[in-house]
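Asker: Dropping the structure in here first, questions after.
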Amino acid sequence: MAIGVLFGDLVKAFFTKPATQNYPFTKTIAPERLRGKLVYDPEKCIGCMLCMKDCPSNAIELLTVDKINKRFVMRYHPDRCVFCAQCVQLCRFNCLNMSNSLWEMASTSKEAFEVYYGREEDIAFLLERAAQPGINEPPCE
Amino acid sequence: MTEAKKEKFIVPIGPQHPALKEPGNFEFTVDGEIVTDATVRLGFVHRGIEKACETRNYTQDMYLLERVCGICSHVHATAFVLGVEKLAGVQAPPRAEAIRVLAAELERIHSHLLWFGVAAHEAGFDTLFMYTWRDREVVMDILETLSGSRVHYSVNILGGVKIDIDQKLSDLIKKDMDFLEERTEHYMKVVTTDETFLGRTRGIGTLSRDRAKLLGAVGPTARASGVKRDVRVNAPYSGYKEFPVKMVIDQTGDLEARFVVRLKELYESYRLIREILEKIQPGEISTRIKRKIPEGEVISRVEAPRGELFYFIKSNGTEMPDRVKVRTPSLCNWGTITDVAVGHKLADMPMLLAGIDPCFSCNDRMVEIRSDSQPSQMMNWDGLRKYGIEYYK
Amino acid sequence: MRTDSENYYNQIVNKLKNWARINSPWAIHFNSGSCNGCDIEILATLTPRYDVERLGIKLQGSPRHADVLIATGPVTLQALDRLIRVYEQMPDPKYVIAVGSCALSGGVFDGCYSVIGDLNKVIPVDVYIPGCPPRPEAIIFGVVQLLDSLKKGKKPAKFVVPNDIPDFKLEEKSNGNN
Amino acid sequence: MNLSLHPLILLLVFPGGLFLMNIGLLYEWADRKLVARFQSRVGPRWFQPFADTVKLLAKEEIIPNGVHKFMFQALPIIALTGALTAALYIPMFGFEAAFSFEGDLIVALYMLSMMTLSIGLAGANTLSRFTIIGATRALTQMFSYEAPFLLALLGPAIAAGTWNIGKINTFTGENIWLILAQPIGFIIAVVGLMGKLELPPFDAPEAETEIVAGALTEYSGRGLALFHIGKNVELVIGLTLVVIFYLGGIANPIEFILKSAGLFLVVSALQSMFARLRIDQTVGLWWRLGALMGLLQLLAIIFGRYLGEILR
């Protein structure tokens, strides 16, 4: 039976440096395997659409620009993504990866959560087509 | 509140309440400070997961079910995956099973430390809460380096695991286990000797062995009352066949016993993790599994940090399950609270609630609808049949 | 008619108010159907490793004391009017932070029958923090985003009672009984 | 002109009003910072309480339905006034008290109790169940700590033979520190002070995990700010009283700062070392142990004085 068993810890804590990381002012290094924002490499993709099919939260949309020449654009929604890395697991050509440095994604507007990955001319082409009246979004399979 | 003959004073706790980080509503009828009646109302976190499972394929379900609960996420996924593997007739490689157990035990450490801190916070012992969570960051760091996320590890895939461990990681884990073991011994001393803390735990919320059996308590809540219930020991699954654990039991059944049981389970987890890291065999970490699961039904039981977790999966030969039923440990333990609460002081209620390590998001896959205008009715089968015949006459 | 000196005085007072608001955001946490993951990470930001008290953030129990509502989880039908009630009990000016993928879009729960999904459909959100769950650092980063936008003179958003949500009727305005 | 302004400044600016409030906020920062350091955290920045107060003052004040409006708004002011009035009778920072007369100790102690009374009334005024329980607990706790705390402060007063705080100050300054002569009284005074200020482990009246924020749950904006300031002022006064009575008095500002800081360290450590006591445990502790010990010590002092007079 004792009172104030924690006294030793208090003294120790008082005279040692606090355990706090000074985060917003000094950046921390995330571990190597951290599952952050999804990164897509359009050069390697063959358009098997497996990533889209098994995504638990519909965060990935693979838009076809030219199926024969293997030109695809990925529309990725970080706000829907649950960062499970199932798509990375499934991709046989290693064109998907989860970055361990892009995890500070907070934003004051929702526009930041529609990310297009792909060749620049393809994205421009798609956006242009979407902006035209009468024609809907390109079909995704 | 209805006006009874004697006016009742009802204290609601929740759904938004600082003691509970999750919504749940308790109503305690108090006489002064003494609780005379307790009811619980759940369902604020009902999201319809079981129904949603039927519209998604097995891979998607795994991630959905992982998000039943953020604290014991890995266990939910493991239970589901083990069931599906049994249905498909696939056995995950031994190394994968060992890694599953490793992750499960790391999760148990994180969950018990989290609970320990929260329980100390409920007792108004903020310093202990801060210290525990400071030390918990060690195990969170391990989990993050191991799997890539602090909460939803997503270690499992159908037919194995995603991640592997190497020598460097295993050395790191062993070193951290030593540190945590030393800290746990210290906390054990605090819990069993500090007079002010014992004043809040000793003799509070005592659940006798018979009562615990009757109410169907599971996990550490039951084990603190001397009920021998632990799926890891009673019916070993996955890697636990190869790496057996000892059951931790206490007889008194009060809050102090629950503290002691959980802390002793931590020692067991440290030991098991060291053993796995020593004896793990090299080899494959996953096997292929077909997308379509053959028709059949399966029951899968695993031991979550809070107790026995039960899954029933029925497949119909397609990519999607026909039915998934989840019974979580917290649901089994609710009955003990309303039973034990009566006669205690209002100030003890947060501690009592914390004592079973409640997890609301685990429960809420069932809604009871009560009509406000009419009193709720209960009917037996004969009465209902008669009512139906009368109604359509 | 206001004189120049009055104007000047008002400016100083406004600056002081804004400074105080930026340096003392008291938060209240509401779980509207989350899986706990985000909740424990929010709790973790209070603990020694992250210690948000150094930024002036304090977790309050009563909505009446809070400036910032930190909401997690997809909004379930059951928690919906509680959420609105908590939001309405907060005194002006108030801000909302949505934490986790579920609160942003529904995440994995999008399409479940008792889930509305998007917090933005119910109450106006000022900062979105994606992640499942976001790391505690990411949550702190989100709060810093909010404080930065306050520095630039952001006004709190206007709340409109949502009408387009099925199965929902707002209870009469609460009289403070929590 | 100067002469007539002097008491006003005394009341409103220097030891009385503004200055005291600011010092109170500084004390709150010190308290939070020390507790944070004991918990191995960094803790708030030095201007934190100031920012909190300014923010609260600028916020909307919601008056819930079903309360007595005048009471709801007046009670915070009464609480703060009580605390500030009590400060007038206490010598602080090495200066003499603003007002002083024979028996001001009793007046000051009663003024300090205004705070708890106002909180109790404020809680009972609002309809929320948490506030009512908070109010009951606050008043219960007041009845339990008030007597031992008073007894603990009476010891030095009897030893000094006066009811004037200023005179007690000079008496304790001239003799040995009373913490050595009356150690039990010192312990009771410190613990009683913590009870009075509702610091942990005696924070059952505002236990966050049980009853949200106790009696002040429904207060927002200005009311809350005023209660906060009032509590901080009480912290300053309480610490000063214990320093005057037991730690050898205050002769100059440096002595004041050093002694209060030392006492503050002890109080903060006690705060972070224990689990919260239930309200019945608190009451039991005070009446079974605190009051009894206080009485015994008082008897011993009276007997000692009597003996001394006979011998002389």
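The values are calculated or read from the model by the stated rules, or taken from the named source; none is laboratory data. In this text, all values refer to a predicted model and were calculated from it rather than measured experimentally. FYI the Cβ positions are ideal-geometry reconstructions off the backbone, even for glycines, and counts take in every protein chain you see.
Asker: Hey, can you tell me all the residues within the stretch D:131-164 that are β-branched (Val, Ile, Thr), in a helix (DSSP H, G or I) and either in contact with a strand residue (DSSP E or B) (Cβ under 9 Å, 6 or more places away or on another chain) or surrounded by fewer than 24 Cβ atoms within 10 Å (Cβ to Cβ) (or both)?
Answerer: Of everything in the stretch D:131-164, those that are β-branched (Val, Ile, Thr), in a helix (DSSP H, G or I) and either in contact with a strand residue (DSSP E or B) (Cβ under 9 Å, 6 or more places away or on another chain) or surrounded by fewer than 24 Cβ atoms within 10 Å (Cβ to Cβ) (or both) turn out to be D:132, D:133, D:136, D:140, D:158.
Asker: Part of a helix (DSSP H, G or I) and touching a Pro at 6+ places or on another chain (Cβ under 9 Å): is that true of residue B:118 in this structure?
Answerer: no
Asker: On to the next question. Which is under 13 Å from the mean Cα position of the chain (by Cα) and surrounded by 16 or more Cβ atoms within 10 Å (Cβ to Cβ), of A:71, A:75?
Answerer: Only one candidate qualifies: A:75.
Asker: Tell me yes or no: at least one residue of the stretch B:324-335 is of a type in the set (Phe, Trp, Tyr), touching a strand residue (DSSP E or B) at 6+ places or on another chain (Cβ under 7 Å), farther than 30 Å from residue B:170 by Cβ and part of a strand (DSSP E or B).
Answerer: No: the stretch B:324-335 contains no residue that is of a type in the set (Phe, Trp, Tyr), touching a strand residue (DSSP E or B) at 6+ places or on another chain (Cβ under 7 Å), farther than 30 Å from residue B:170 by Cβ and part of a strand (DSSP E or B).
Asker: With more than 7 Å from chain C (Cβ to nearest Cβ) and modelled with pLDDT of 75 or more as the only criterion, which of B:39, B:59 stands out?
Answerer: Among B:39, B:59, only B:59 is more than 7 Å from chain C (Cβ to nearest Cβ) and modelled with pLDDT of 75 or more.
Asker: Restricting the first residue to the stretch B:124-138 and requiring it to be within 11 Å of chain D (Cβ to nearest Cβ) and touching a residue at least 60 places away in the same chain (Cβ under 8 Å), which pairs with a second residue that is in a helix (DSSP H, G or I) and not hydroxyl-bearing (Ser, Thr, Tyr) meet a Cβ separation below 7 Å and a spacing of at least six or different chains?
Answerer: So the pair list comes out as B:125/B:197; B:128/B:120; B:128/B:190.
Asker: Ok, one more. For the stretch B:180-196, does any single residue satisfy the condition of being of a type in the set (A, V, I, L, M), in a helix (DSSP H, G or I) and within 14 Å of chain D (Cβ to nearest Cβ)? If you could, list the steps in order and put the result at the bottom.
Answerer: Within the stretch B:180-196, the first condition is being of a type in the set (A, V, I, L, M), and the residues that meet it are B:180, B:188, B:190-191.
Filter again for in a helix (DSSP H, G or I), leaving B:180, B:188, B:190-191.
Those still in the list that are within 14 Å of chain D (Cβ to nearest Cβ) too: B:190-191.
Checked against the condition, which is being of a type in the set (A, V, I, L, M), in a helix (DSSP H, G or I) and within 14 Å of chain D (Cβ to nearest Cβ), the stretch B:180-196 yields at least one hit.
Asker: Further question: Of all residues in the stretch C:136-160, count the ones that are more than 10 Å from chain A (Cβ to nearest Cβ) and among the aromatic types (Phe, Trp, Tyr).
Answerer: Result for the stretch C:136-160: 1.
Asker: Ok, one more. So which of B:390, B:308, B:319 is charged (D, E, K, R), surrounded by 21 or more Cβ atoms within 10 Å (Cβ to Cβ) and either more than 30 Å from residue B:121 (Cβ to Cβ) or at pLDDT 75 or above (or both)?
Answerer: On inspection, the qualifying residue turns out to be B:308.
Asker: Considering only residues that are at the interface with chain C (Cβ under 7 Å from one of its Cβ atoms) and surrounded by 22 or more Cβ atoms within 10 Å (Cβ to Cβ), which ones fall in the stretch D:44-61?
Answerer: D:44, D:48, D:52, D:55, D:59
Asker: Right, next: What are the residues in the stretch B:131-158 that are closer than 13 Å to residue A:86 by Cβ and either in a helix (DSSP H, G or I) or not hydroxyl-bearing (Ser, Thr, Tyr) (or both), if any?
Answerer: Listed by number, the residues that qualify are B:148, B:152, B:155, B:156, B:157, B:158.
Asker: Mind telling me which of the residues D:256, D:303, D:227 ends up being over 30 Å from residue D:133 (Cα atoms), within 19 Å of the chain's Cα centre (by Cα) and either hydrophobic (A, V, I, L, M, F, W, C) or modelled with pLDDT of 80 or more (or both)? Give the steps one after another, and end with the answer.
Answerer: Working: D:303 fails: within 19 Å of the chain's Cα centre (by Cα); D:227 fails: over 30 Å from residue D:133 (Cα atoms).
That would be D:256, the only listed residue that is over 30 Å from residue D:133 (Cα atoms), within 19 Å of the chain's Cα centre (by Cα) and either hydrophobic (A, V, I, L, M, F, W, C) or modelled with pLDDT of 80 or more (or both).
Asker: Now a separate question. Being of a type in the set (S, T, N, Q) and touching a Gly at 6+ places or on another chain (Cβ under 7 Å) is the filter here, so list the residues in the stretch C:96-149 that pass it. Steps first, please.
Answerer: Just the residues of the stretch C:96-149 that are of a type in the set (S, T, N, Q), to begin with: C:101, C:105, C:114, C:120, C:145, C:149.
Hits for the stretch C:96-149 are C:101, C:105, C:114.
Matching residues to (1) within 14 Å of chain B (Cβ to nearest Cβ); (2) in contact (Cβ under 8 Å) with a residue 60 or more places away in the chain:
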site: D:275; (1), (2): yes, yes
site: D:280; (1), (2): yes, no
site: D:287; (1), (2): no, yes
site: D:298; (1), (2): no, yes
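Asker: Related question: Report whether or not residue D:112 is assigned to a helix (DSSP H, G or I) and surrounded by 23 or more Cβ atoms within 10 Å (Cβ to Cβ).
Answerer: yes
Asker: Please work out which one of (1) in contact with a Pro (Cβ under 7 Å, 6 or more places away or on another chain); (2) crowded, with 22+ Cβ neighbours inside 10 Å is the condition residue B:156 fails and give its number.
Answerer: Of everything listed in (1) in contact with a Pro (Cβ under 7 Å, 6 or more places away or on another chain); (2) crowded, with 22+ Cβ neighbours inside 10 Å, residue B:156 misses just condition (1).
Asker: Further, regarding this structure: Could you tell me how many of the residues in the stretch B:175-222 are in contact with a strand residue (DSSP E or B) (Cβ under 8 Å, 6 or more places away or on another chain) and small (Gly, Ala, Ser)?
Answerer: The total comes to 3.
Asker: For the stretch A:13-40, give me each residue that is within 13 Å of chain D (Cβ to nearest Cβ) and in contact with a Ser or Thr (Cβ under 7 Å, 6 or more places away or on another chain).
Answerer: Result: A:13, A:18, A:19, A:21.
Asker: Then there is this: Quick one: which of B:203, B:199 is part of a loop (DSSP other than H, G, I, E, B), more than 14 Å from chain C (Cβ to nearest Cβ) and modelled with pLDDT under 90?
Answerer: B:203
Asker: Please count how many residues of the stretch A:89-108 are crowded, with 18+ Cβ neighbours inside 10 Å and more than 11 Å from chain C (Cβ to nearest Cβ).
Answerer: Number satisfying all stated conditions: 4.
Asker: Given the conditions (1) crowded, with 19+ Cβ neighbours inside 10 Å; (2) closer than 30 Å to residue B:136 by Cβ, report the number of the one that residue A:32 does not fulfil.
Answerer: It fails just one condition, (1).
Asker: Please give the number of the condition residue B:168 fails out of (1) more than 10 Å from every other protein chain (Cβ to nearest Cβ); (2) within 21 Å of residue C:45 (Cα to Cα); (3) among the charged types (D, E, K, R).
Answerer: (2)
Asker: Being more than 14 Å from chain D (Cβ to nearest Cβ), crowded, with 16+ Cβ neighbours inside 10 Å, in contact (Cβ under 8 Å) with a residue 24 or more places away in the chain and in a helix (DSSP H, G or I) narrows it down to one residue among B:253, B:239; which is it?
Answerer: B:239
Asker: Which residues, taken from the stretch D:210-224, are surrounded by fewer than 24 Cβ atoms within 10 Å (Cβ to Cβ) and at pLDDT below 80?
Answerer: D:213, D:221
Asker: If you don't mind, there's one more thing I want to ask. Does residue B:128 count as crowded, with 21+ Cβ neighbours inside 10 Å, under 20 Å from residue B:354 (Cα atoms) and among the aliphatic types (A, V, I, L, M)?
Answerer: Yes; evaluated as a whole, the condition is true for this residue.
Asker: Right, another one. Restrict the check to the stretch C:134-153 and report whether at least one residue is among the basic types (Lys, Arg) and without any contact (Cβ under 8 Å) to a residue 40 or more places away in the chain. Step through it out loud before you land on a result.
Answerer: Here is the first cut: in the stretch C:134-153, the ones among the basic types (Lys, Arg) are C:135, C:151-152.
Next cut, without any contact (Cβ under 8 Å) to a residue 40 or more places away in the chain only: C:152.
Yes, the conditions are met somewhere in the stretch C:134-153.
Asker: Any idea which of C:61, C:56, C:106, C:111 is in contact (Cβ under 8 Å) with a residue 12 or more places away in the chain and closer than 22 Å to residue A:78 by Cβ?
Answerer: Of the residues listed, the single one that is in contact (Cβ under 8 Å) with a residue 12 or more places away in the chain and closer than 22 Å to residue A:78 by Cβ is C:106.
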